[in-house]
Protein chains: 2
Amino acid sequence: MSTWPAPSSRDRSPASSTPPSMDWRGMSGPETPEGPDEFGQIAEFFRPLTRGEPGAFDLLDDAAVLPDSGADQVVVTQDALVEGVHFPPGEAPEDIAARFLRVNLSDLAAKGAEPFAWLQTLAWGPGWSVDRRRAFARELAREAEAFGLVLLGGDTVSTPGPLMVSGTFFGRCPPGGMIPRSGAAPGDLLLVSGPVGDGLLGLQAVTGAIADPKGRLARKFRRPEPRLDLREVLRRCASAAADISDGLVADAGQLARASGCSIRLELERLPLSPEAQDWAARQASPEAALLALATGGDDYEVVLAARPDHRAELEEAGCTVVGVFHVGAAEVLHEGRPLDAGAGGWRHG
Amino acid sequence: MSTWPAPSSRDRSPASSTPPSMDWRGMSGPETPEGPDEFGQIAEFFRPLTRGEPGAFDLLDDAAVLPDSGADQVVVTQDALVEGVHFPPGEAPEDIAARFLRVNLSDLAAKGAEPFAWLQTLAWGPGWSVDRRRAFARELAREAEAFGLVLLGGDTVSTPGPLMVSGTFFGRCPPGGMIPRSGAAPGDLLLVSGPVGDGLLGLQAVTGAIADPKGRLARKFRRPEPRLDLREVLRRCASAAADISDGLVADAGQLARASGCSIRLELERLPLSPEAQDWAARQASPEAALLALATGGDDYEVVLAARPDHRAELEEAGCTVVGVFHVGAAEVLHEGRPLDAGAGGWRHG
């Protein structure tokens, strides 16, 4: 078993005296790329990410001590990225590192929490040379410093499968301050914190399916901006919140489901980026275009519920009302007419 | 992005209106095995594991709140298992679940911490049918209840690679109570909490390389017993500790390395199970046999450093003195003669 900084005996050449019969290890593929050994890699790549946090023990222990949060709640979230499943194969190590951190921070942002630390499991697949690992780690260091995070520990393993990186991220909230999914009530407004649909278009830009002359869409997909700036206004105003990762329709539906009510979403109210407006204008059906943007996912804006008396403060912070929570069936409307959002978008409505 | 209970749009059939160009998703293999959908699987398989812990929000949120630990330190550890890398392919789902939990609890036990909660990322590979997932989850539930743990959340994804399960486990310690790796000093005794080498032999039994008529060795490999029973005596007596996952020589060497000193290990002192004694007696070279047992790993006993005045208390608790910490070169001796432990065993000495 391998925990930093204890590279597993499975990841080393066995001592010459070790009995044989480890043949199943053949599955793990090439194990020791050129460059520093696993200790060296931990020291070079990951120790700087602890930024001297005492509870990280310089990554020289099997465990870490969480920094004391005083009276605050500790909020914890966990998200994994698999290459070829959660993002297209062939992305640059730097972009994978940035996306990994940012999608996790987006979860904490929507909960009203202030991120402070993380642990990570890295399963390097074949093809992750030392140079690629180094590039990943350097970008992770830059991003973590920018977001004020310290690495507490983790595990690094090799796998014959694709790269997988899983993070456990910690944030702080005042007592009782975490914004749940389950706090929406009929009569609450349904709001979004910014443009919807750029994640879908960004993915298409990354895969070359649509033009992206300024590279703006691809950049939004690769480097989503967690809405940590909204933390305090969300804690004051939101009765329920989540980030938009699976698509506005699905994620708003999740809030409703957890809260025991339903949504009525009015597609013509969706805030769109200039790029999404251009794209929608080129589609045959405006309502199908809006529905695609509302079900695409990977936006990493916040979807939230709020009592109507918080509307002005939320709009001032850049949020847009796109519907309401109500009792009864979930509805997606376009200019007053109900749409069928299809199996994908509606399953969670 | 997929966080319980928000199955990623990547894991669903896209709405009919979603633009195409998701062809890179083809890599993720068969995505929806027969049986309940991802929500249903979370509800059936994993919600019971929360055992009603309020901070888990019934796995209906993107995040969890850590249960309040009062003045205690929160100790956190993370270990990942990859099928075919950390254990042979073809193990039963129940055994994988038990091993996953137990190897992580072993880390906390060696730190003197009392486990209370965990999060997990499950990356199901091809071949993980609903029945196999169900079997995994049921055993996890049984084990978690036996160890008094609650599941706080996590992420579940699919991968074209082998099964990978990564856990973040939380334990409590009185303030300052976590036993570090780095507290050993020259003159400290080097002790182990129980038999050394059964992990190595257990692996060979599992792969059929050696006979195991009573199944005892295979059972030790599949269901290692985390030494949580030693928590309090370790906190009283140990100046440094770790669990034996990479082999006694490597893990003791890690304690020394983190503490700025070296070990002198006397192989003839190793406590051996009856099975290991039998095995060693059949080997051509007694010292090579002992060295193999001391470098094999997967024992999940505790290796520790302690001042000599704690010797009686530790021996009463079942620990055995196997050497000392000292200044100078690391040494592995057999009846007074120094051995060369080989590249594998020595790298960390």
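The values are calculated or read from the model by the stated rules, or taken from the named source; none is laboratory data. Fair warning: this is a prediction, and the values are worked out from it, not measured in the lab. All Cβ positions, glycine included, derive from the backbone under ideal geometry; neighbour counts span all protein chains shown.
Being small (Gly, Ala, Ser) and farther than 15 Å from A:ILE42 by Cα holds for only one residue in A:GLY171, A:GLY154, and it is A:GLY171. Per the conditions (1) within 12 Å of chain A (Cβ to nearest Cβ); (2) touching an Asp or Glu at 6+ places or on another chain (Cβ under 8 Å); (3) hydroxyl-bearing (Ser, Thr, Tyr), the sole criterion not satisfied by B:SER259 is (2). Condition test on A:LEU101, is it within 30 Å of A:CYS319 (Cα to Cα) and within 11 Å of another protein chain (Cβ to nearest Cβ)? Answer is no for this residue.
What about A:ARG223, is it in contact with a strand residue (DSSP E or B) (Cβ under 9 Å, 6 or more places away or on another chain) and away from chain B (no Cβ under 14 Å)? Criteria not met by A:ARG223.
The condition (being modelled with pLDDT under 90 and more than 7 Å from chain B (Cβ to nearest Cβ)) is satisfied by just one residue among A:THR3, A:THR32, A:THR18: A:THR32. Screening B:LEU265, B:LEU191, B:LEU228 for residues that are in contact with a Leu (Cβ under 6 Å, 6 or more places away or on another chain) and either of a type outside the set (Phe, Trp, Tyr) or at pLDDT 95 or above (or both) leaves exactly one candidate, B:LEU191. Among the residues of segment B:211-222, those identified as out of contact with any Asp or Glu (no Cβ under 7 Å at 6 or more places or on another chain) and closer than 24 Å to B:PRO93 by Cβ are B:ASP212, B:LYS214, B:GLY215, B:ARG219. Residues that are part of a loop (DSSP other than H, G, I, E, B), surrounded by fewer than 24 Cβ atoms within 10 Å (Cβ to Cβ) and hydrophobic (A, V, I, L, M, F, W, C) within segment B:84-123 comprise just one, B:ALA92. Could you check, for segment A:258-276, whether at least one of its residues is basic (Lys, Arg) and assigned to a loop (DSSP other than H, G, I, E, B)? Among the residues of segment A:258-276, not one is basic (Lys, Arg) and assigned to a loop (DSSP other than H, G, I, E, B), which makes the answer no.
The residue of segment B:124-176 that is nearest to the chain's Cα centre (by Cα), among those that are part of a strand (DSSP E or B) and of a type in the set (D, E, K, R), is B:ARG172. B:LEU255: touching a residue at least 24 places away in the same chain (Cβ under 8 Å), crowded, with 22+ Cβ neighbours inside 10 Å, outside any strand (DSSP E or B) and in contact with a strand residue (DSSP E or B) (Cβ under 8 Å, 6 or more places away or on another chain), yes or no? Answer is yes for this residue.
Would you mind finding the one in B:VAL130, B:VAL165 that is farther than 27 Å from B:GLY297 by Cβ, β-branched (Val, Ile, Thr) and at pLDDT below 95? The match here is B:VAL130.
Among residues of segment B:306-318 that are farther than 18 Å from B:PRO186 by Cβ, those with a beta-carbon under 8 Å from a residue that is in a loop (DSSP other than H, G, I, E, B) at least six positions away or on a different chain give the pairs B:ALA317/B:SER193; B:GLY318/B:SER193; B:GLY318/B:GLY194.
Residues are listed down the side, and each one gets a yes or a no for (1) surrounded by fewer than 20 Cβ atoms within 10 Å (Cβ to Cβ); (2) within 11 Å of chain B (Cβ to nearest Cβ):
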residue: A:LEU149; (1), (2): no, no
residue: A:THR156; (1), (2): no, yes
residue: A:PRO160; (1), (2): yes, yes
residue: A:GLY167; (1), (2): no, yes
residue: A:PHE170; (1), (2): no, yes
residue: A:ILE179; (1), (2): no, yes
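Residues in segment B:226-250 that are part of a strand (DSSP E or B) and either out of contact with any strand residue (DSSP E or B) (no Cβ under 8 Å at 6 or more places or on another chain) or surrounded by 24 or more Cβ atoms within 10 Å (Cβ to Cβ) (or both): B:ALA238, B:ALA240, B:ALA241, B:ALA242, B:ASP243. Taking A:THR77 as the residue in question, decide whether it is among the β-branched types (Val, Ile, Thr), assigned by TED's automatic domain parsing to the domain that holds A:ALA64 and touching an Asp or Glu at 6+ places or on another chain (Cβ under 6 Å). It is true that A:THR77 is among the β-branched types (Val, Ile, Thr), assigned by TED's automatic domain parsing to the domain that holds A:ALA64 and touching an Asp or Glu at 6+ places or on another chain (Cβ under 6 Å). Output yes when any residue across segment A:136-146 is within 14 Å of chain B (Cβ to nearest Cβ) and in contact (Cβ under 8 Å) with a residue 60 or more places away in the chain, and no when none is. There is no residue in segment A:136-146 that is within 14 Å of chain B (Cβ to nearest Cβ) and in contact (Cβ under 8 Å) with a residue 60 or more places away in the chain. Taken over segment B:294-324, residues that are outside any helix (DSSP H, G or I), over 18 Å from B:PRO224 (Cα atoms) and not aliphatic (A, V, I, L, M) amount to 3.
Residues of segment A:35-45 that are within 13 Å of chain B (Cβ to nearest Cβ) and not in a loop (DSSP other than H, G, I, E, B): A:GLU38, A:PHE39, A:GLY40, A:ILE42, A:ALA43.
Mind listing whichever residues of segment B:49-77 are touching a Pro at 6+ places or on another chain (Cβ under 7 Å) and at the interface with another protein chain (Cβ under 8 Å from one of its Cβ atoms)? Answer for segment B:49-77, where residues must be touching a Pro at 6+ places or on another chain (Cβ under 7 Å) and at the interface with another protein chain (Cβ under 8 Å from one of its Cβ atoms): B:PHE57, B:LEU60, B:ASP61, B:GLN73.
When residues in segment B:284-341 are screened for being within 14 Å of chain A (Cβ to nearest Cβ), farther than 19 Å from B:PRO180 by Cα and of a type in the set (Ser, Thr, Tyr), 2 of them pass.
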